[in-house]
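Working notes, structure below.
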Amino acid sequence: MLPSKIAFVDIETTGIRSSYDRIIEIGILRVENNKLVKTFQSLINPNVYLPKEITILTGINSNDLENSPSFRSIKDEVIEILQDCTFVAHNVRFDYAFLKQELLRENITYSSKQFCTVKLSRALFPQWPRHNLDTLMQECNITCQSRHRAFDDAQVLFDFYQQLLTSMPYEQLEQAIEKTMKKPSIPIHLQGEELEKLPDTPGIYIFYGTDNTDKQQLTLSDKSKNKLYDTVPLYVGKSINIRNRILSHFASDLTSPTEMRIAQQIRRIETVTTAGELGALLLESQLIKKLLPIYNKKSRIKHELIAVKKRTNKQGYDECYLEPITVINPNELQDFLGFYRSRKQAKATLADTAKTHMLCGKLLGLEKTSGACFSHRLNRCKGACIGEEKAIIYNLKLQTAFSTNRILPWPFKGPILIQETNGVEDEFGLHGSREYFIIDNWCYLGTVAADSEENINKKEMQETVFDLDVYKILCQFIKNPANQKKIKILSSR
């Protein structure tokens, strides 16, 4: 059955982030049993700054909004007209997310069935070059009095639906709507065929698009202009099933501001398959550092780490000091007590360690004083700073305190080869893919396609540089007993 009660909705906003930006106009047409029974339209004062590009796009300016009602004052009318309706919009994720967020600010939880007219258009007219609102109007010969105004855009959706009711076989339309309501949403600038071709294998994926958050630019329908913005890396991810992971991004964008922004900006997807999870993790780590994607924030902030190092003073006590470092020689790992993403993180760890192990704040580099440290006055330091605690005892405490933070010694006598496979192996051989990773002293040196001395010796290795992320990946892999059979010790190169 087709939905008996439908609300065709369009919303204009100050931006694309539902958790931050606000609604400035809403238009709703309520339909019951295929008849228009009620309409609602209103400008809304967002009480926030209105970007100039939104005024250019919609024609709505600050003066228009100044004397308009707040969302709070119209929320009851909005809820009433939407009651028991299937929520319909063009790129429904956008409008639905904004309305949910505005209602949440009023402590109202809103939920309804939805279907997207972009997805419906794709299902019924796959031959159309695009499925944005301008294309829909052109293909169906629908006029719009004021494009990018909420009520007029919602009217276009109603007219489109009315055309489908008269021109489409009922069963075909019913099946298409049922399919779109079950199917995960697809970002408006992606083609459904692109998602159909995604592999169900391990590997990495890269979202490319625009970093221009100007709403006017994001809604441009000109293909040539969109091409200018489809090479900016937005996000790099990995998964043991690329297809499922990518679809999960588009299913969660209603609740995640980041996923919402990605869905609005994405233009194309690139994938690289690997033999397994280890290969995906290593490749993801490399590409994030190389491409610096916009939304891999934690991994792209900077390559510099803060190292905690130690030195022995004239009195024989080990002192700690912080040193910014960008390149780490794997042969000098034992000279470091730990690595941190920032000075703040390093100092916080030192302070916690001092408290837990009764170490001296002065010798840890947390205090600058000529006498006893402050911790000594609180009986949290045994007096190493003023010679009351023996150096040999203090140094042993320091070594013990940082034993869990230090980089572990390389557990092999030389380089190793790690085999990873994806497939089934029987008496006829492996049906699937296989990769071999060359690792030495916690450093990833490269990948070869086959396990042979000739291939390994011919392989041009990467520069031997220690990477903290790679170290963590390898630690997790090596400590798993199930992975021991995948490791082969190589003769020194």
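The values are calculated or read from the model by the stated rules, or taken from the named source; none is laboratory data. Quick caveat: nothing in here was measured; it's all calculated off a predicted structure. All Cβ positions, even for glycine, are placed from backbone atoms using ideal geometry, and neighbour counts span all protein chains on display. Remember, those area values only see protein heavy atoms, side chains included, never the ligands or the DNA or RNA. Shrake-Rupley method; radii C 1.70, N 1.55, O 1.52, S 1.80 Å.
Tabulated data for the structure shown
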| read-out | value |
| --- | --- |
| Odd one out for Tyr317, checked against (1) surrounded by 14 or more Cβ atoms within 10 Å (Cβ to Cβ); (2) out of contact with any helix residue (DSSP H, G or I) (no Cβ under 6 Å at 6 or more places or on another chain) | (2) |
| Residue pairs meeting the criteria (Cβ under 7 Å; at least 6 apart or on separate chains; first closer than 12 Å to Asn47 by Cα, in the range 17-28; second hydroxyl-bearing (Ser, Thr, Tyr)) | Asp21/Thr13; Asp21/Thr14; Arg22/Thr13; Arg22/Thr14; Ile23/Thr13; Ile24/Thr13; Ile24/Thr14 |
| All helices (runs of 4 or more DSSP H) inside the range 143-199 with 3 or more residues being of a type in the set (D, E, K, R) and more than 17 Å from Asp10 (Cα to Cα) | 170-182, 192-196 |
| Any hit, the range 16-37, residues being at pLDDT below 95 and among the β-branched types (Val, Ile, Thr) | yes |
| Any chance Val272 is in a strand (DSSP E or B), open to solvent by 50 Å² or more (accessible area, probe 1.4 Å) and at pLDDT 85 or above | yes |
| Helices (runs of 4 or more DSSP H) wholly inside the range 61-120 containing at least 3 residues that are open to solvent by less than 20 Å² (accessible area, probe 1.4 Å) | 71-82, 92-105 |
| The range 364-384 - residue that is among the hydrophobic types (A, V, I, L, M, F, W, C) and touching a residue at least 12 places away in the same chain (Cβ under 8 Å) and, of those, most open to solvent (accessible area, probe 1.4 Å) | Phe374 |
| Sole exception among (1) buried (at least 17 other Cβ atoms within 10 Å of the Cβ); (2) polar (S, T, N, Q); (3) closer than 25 Å to Gln101 by Cβ for Ser248, by number | (1) |
| Top-ranked residue of the range 43-60 - restricted to ones that are open to solvent by less than 40 Å² (accessible area, probe 1.4 Å) and closer than 23 Å to Leu136 by Cα, ranked as nearest to the chain's Cα centre (by Cα) | Ile54 |
| Subset tally (residues that are touching a strand residue (DSSP E or B) at 6+ places or on another chain (Cβ under 9 Å) and not polar (S, T, N, Q)) for the range 361-395 | 7 |
| Residue satisfying all of: in the range 134-150; in contact (Cβ under 8 Å) with a residue 40 or more places away in the chain and of a type outside the set (Val, Ile, Thr); surrounded by the fewest Cβ atoms within 10 Å (Cβ to Cβ) among these | Ser146 |
| Inter-residue pairs, beta-carbon under 7 Å, first within 13 Å of Leu36 (Cβ to Cβ) and in the range 151-175, second among the polar types (S, T, N, Q) and open to solvent by 40 Å² or more (accessible area, probe 1.4 Å), 6+ apart | Phe151/Gln41; Leu165/Asn34 |
